[in-house]
Amino acid sequence: MKGIGVSPGIAIGRAWVLRSKKARVSGVLLADEDAVEREIGIYRIAVASAVASLEAMMGKVGKAEAEILEVQVELLRDPQMEEDVVAMITGRMPAKDAVLKVTEQLVQIFVNMDDDYMRARAADMQDAGMRLVKVMDGEEDGAGMVGGDWIVIAEDLSPSETVGLDHRVQAFATQMGGATSHAAIVARLRGLPAVVGCGSDLGIVANGDLLVVDGEMGVVFVNPDDEVIDIYRSKKETYAERQQLLLRLKDREAMTADGIRIQLLANIATARDMEQALEQGAEGVGLLRTELLFMDRERLPTEDEQLDFYKDILLRSGGRAVTIRTLDIGGDKPLPYLPLPKEANPFLGYRAIRICLDRTDIFKTQLRAILRASVFGKCRLMFPMIGSVQELRQAKDIVAIVKEELTASGAAFDPGVPVGIMIEIPSAALTADLLAKEADFFSIGTNDLVQYVLAVDRMNEKIAALYDPFHPAVLRLIREVIGQGHRQGIPVGMCGELAGDPQATELLLEMGLREFSMAAVSIPAVKEVILQSKCI
Ligand code: PEP
Ligand code: MG
């Protein structure tokens, strides 16, 4: 099966099929009263078993997590839920379909409530309902998936599902998605081979099928013969040897053959990524995607929780610069507890800095945490999705207010934290000369820039061939932004995926780019090209 190879490496293992909600609905009606009785029994047993496993888990986790699990237990035991599910089964709907339907209705009720606390219960309801369904499908918590070397097969994966993949998972392949979808980005951050956009053919894969995933060529083999397996075993070894060879470059300075020093930085999302970045020789962090901290949880992180996270990363950086990007949710990164309105074009909608300038409560909390953390290292602050000088001024005004408040409250922070922006919207690229007068640095976000310049959705596998970072329109804009930034005397980096593509390295060097930020695994291969290139 052919898809889009989005994260290199080869994996050989057994399929672990994650079924979407839609694929779990049977849609058939129950034949008779006996079937109704049986399905009500199945539902009751599933509730008892889910409650028992939640209660067992509560004994093993901390207080805050136990409280969340307790809420789920209450929801599962809720008499209203039971009444609704039983009524639907009596109306001849299978138990699983009934649970999915009732869950959906209850989630909608919670989402539409005025009270913030009750709105946040939507995510708990969703989790509780899915837990029941998984119990009915006999797959709760990956039950039955013993041993290692699993390859996850899914219709699609969200960024937080990708982050949360079991450590036994060696690779994944999905039906949907494009090269710069966030699941693909997280795969590269974790060094997991991945193929996305395989189309609906992938639906034939069954749990336990033997698979080979080639994340470079974008190919998935299902139950291949021995010859293919032998070829891929040896390819896997060659790949590992080459990675080892490249790692020897770790401590070499990234200097072109004609003596120009280049900064190689890492894109990270977690403290664990920071470790990996240092292992691969990163000289700092060009992009800390903070949204993953916000995604993998049940409610907004508090100021102190955020402070701990940023502080930890700054301390681990050993004095290297860390560029912290403010929240970039929306698009393909929803937050379960912050229901955003359904939009026809989420990538053109309520996203990133647009949400932050509207929800200043969320923005200010994050800015306070970042500024308070700034005393623990070399911190840079960066705004995503800036589209105009006015937006940048608005965001900077809020930073100024937060600084005043921190000063008034006696909290320590570094007053000189550089404030930069991502250039990822064509309007920003075309006004780079104006923005450069008011920003301390630029970082070119090619993932979004390409989709907006070419009018090609980065998530849509059907038009993936049109998503071309080497299109002259994109390259002209990149050259323009680098030139304008340098003319105004500010540093210009790139943190979109193009920065980690060794095939683009020479071209970008020639355009004047001197700061490249990428998934840590890509650093050695890009360094290899830099060592052999000449800028002049
Ligand atoms: C980009 O758009 O290039 C970028 C780095 O940000 P993200 O991929 O998180 O949208
Ligand atoms: Mg972006």
Picked from the stretch 153-179 (must be surrounded by fewer than 23 Cβ atoms within 10 Å (Cβ to Cβ) and among the β-branched types (Val, Ile, Thr)), the residue nearest to the chain's Cα centre (by Cα) is Val163
For Ile386, all conditions in the list (1) open to solvent by 50 Å² or more (accessible area, probe 1.4 Å); (2) within 16 Å of ligand 2 (Cβ to nearest atom); (3) among the β-branched types (Val, Ile, Thr) hold save one; what is the number of the exception? (1)
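Is it the case that Val450 is more than 16 Å from ligand 2 (Cβ to nearest atom) and under 29 Å from Cys379 (Cα atoms)?
Numbers: more than 16 Å from ligand 2 (Cβ to nearest atom): no; under 29 Å from Cys379 (Cα atoms): yes.
When the stated conditions are applied, Val450 does not pass them.
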Given (1) under 31 Å from the mean Cα position of the chain (by Cα); (2) open to solvent by 80 Å² or more (accessible area, probe 1.4 Å); (3) modelled with pLDDT of 90 or more; (4) not β-branched (Val, Ile, Thr), index of the condition Asp251 fails: (3)
Restricting to the stretch 206-257, give me the number of residues that are within 27 Å of Ala519 (Cβ to Cβ) and in contact (Cβ under 8 Å) with a residue 24 or more places away in the chain. 27
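Anything in the stretch 325-335 that is crowded, with 20+ Cβ neighbours inside 10 Å and more than 13 Å from ligand 1 (Cβ to nearest atom)? List them, or say none. Give the steps one after another, and end with the answer.
Kept after step one, since they are crowded, with 20+ Cβ neighbours inside 10 Å, are these residues of the stretch 325-335: 325-333, 335.
The one that is crowded, with 20+ Cβ neighbours inside 10 Å and more than 13 Å from ligand 1 (Cβ to nearest atom): Leu335.
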Of everything in the stretch 347-395, what is within 16 Å of ligand 1 (Cβ to nearest atom) and not in a helix (DSSP H, G or I)? Give them in sequence order. Gly349, Tyr350, Arg351, Ala352, Arg380, Leu381, Met382, Phe383, Pro384, Met385, Ile386, Gly387
Do we find a residue being outside any helix (DSSP H, G or I), touching a helix residue (DSSP H, G or I) at 6+ places or on another chain (Cβ under 9 Å) and within 16 Å of ligand 2 (Cβ to nearest atom) anywhere in the stretch 335-346? no
If Gly483 meets every condition in (1) open to solvent by 10 Å² or more (accessible area, probe 1.4 Å); (2) within 16 Å of ligand 2 (Cβ to nearest atom); (3) closer than 21 Å to Thr256 by Cα apart from one, which number is that one? (2)
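Criterion first (within 13 Å of ligand 1 (Cβ to nearest atom) and among the aliphatic types (A, V, I, L, M)) does Val474 satisfy it?
Values: within 13 Å of ligand 1 (Cβ to nearest atom): yes; among the aliphatic types (A, V, I, L, M): yes.
For Val474, the condition - within 13 Å of ligand 1 (Cβ to nearest atom) and among the aliphatic types (A, V, I, L, M) - is met.
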Do you know which residues across the stretch 514-536 are surrounded by fewer than 24 Cβ atoms within 10 Å (Cβ to Cβ) and in a loop (DSSP other than H, G, I, E, B)? Arg514, Ser533, Lys534, Cys535, Ile536
Would you check if Ile398 is under 23 Å from Pro301 (Cβ atoms), within 16 Å of ligand 1 (Cβ to nearest atom), open to solvent by less than 50 Å² (accessible area, probe 1.4 Å) and in a helix (DSSP H, G or I)? no
Residues of the stretch 206-227 classified as more than 16 Å from Asp149 (Cα to Cα), of a type outside the set (Gly, Ala, Ser) and crowded, with 20+ Cβ neighbours inside 10 Å, total: 0
How about the stretch 82-127: which of its residues are in contact with a Leu (Cβ under 6 Å, 6 or more places away or on another chain) and without any contact (Cβ under 8 Å) to a residue 60 or more places away in the chain? Val99, Met125
Mind counting the residues in the stretch 273-290 that are assigned to a helix (DSSP H, G or I) and surrounded by fewer than 22 Cβ atoms within 10 Å (Cβ to Cβ)? 4
Pull up the stretch 419-447, narrow it to residues that are open to solvent by 40 Å² or more (accessible area, probe 1.4 Å) and farther than 14 Å from Arg487 by Cα, then point me to the one that is nearest to ligand 2 (Cβ to nearest atom). Ser427
Among the candidates Thr326, Thr256, Thr302, which residue alone is more than 24 Å from Ser533 (Cα to Cα), away from ligand 2 (no atom under 16 Å from the Cβ) and not aromatic (Phe, Trp, Tyr)? Thr302
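Taking the conditions exactly as written (under 25 Å from Tyr452 (Cβ atoms), part of a loop (DSSP other than H, G, I, E, B), within 16 Å of ligand 1 (Cβ to nearest atom) and not basic (Lys, Arg)), does Gly420 satisfy them or not?
Details: under 25 Å from Tyr452 (Cβ atoms): yes; part of a loop (DSSP other than H, G, I, E, B): no; within 16 Å of ligand 1 (Cβ to nearest atom): yes; not basic (Lys, Arg): yes.
In short, no.
May I ask you to list the residues in the stretch 288-308 that are of a type in the set (A, V, I, L, M, F, W, C) and more than 16 Å from ligand 1 (Cβ to nearest atom)? Quick ask: steps written out before the conclusion?
First, pick out the residues of the stretch 288-308 that are of a type in the set (A, V, I, L, M, F, W, C): 288, 292-295, 300, 307.
Passing the criteria: Leu300, Leu307.
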Subset of the stretch 496-513 that is more than 26 Å from the chain's Cα centre (by Cα) and assigned to a helix (DSSP H, G or I) - its residue that is nearest to ligand 2 (Cβ to nearest atom): Leu507
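The values are calculated or read from the model by the stated rules, or taken from the named source; none is laboratory data. On a predicted model such as this, the values are computed, not experimentally measured, just so you know. With ideal geometry, Cβ positions are generated from the backbone for all residues, glycine too; neighbour counts draw on all protein chains shown. With ligands, DNA and RNA removed, areas are computed over all heavy atoms of the protein, side chains included. Shrake-Rupley method; radii C 1.70, N 1.55, O 1.52, S 1.80 Å.
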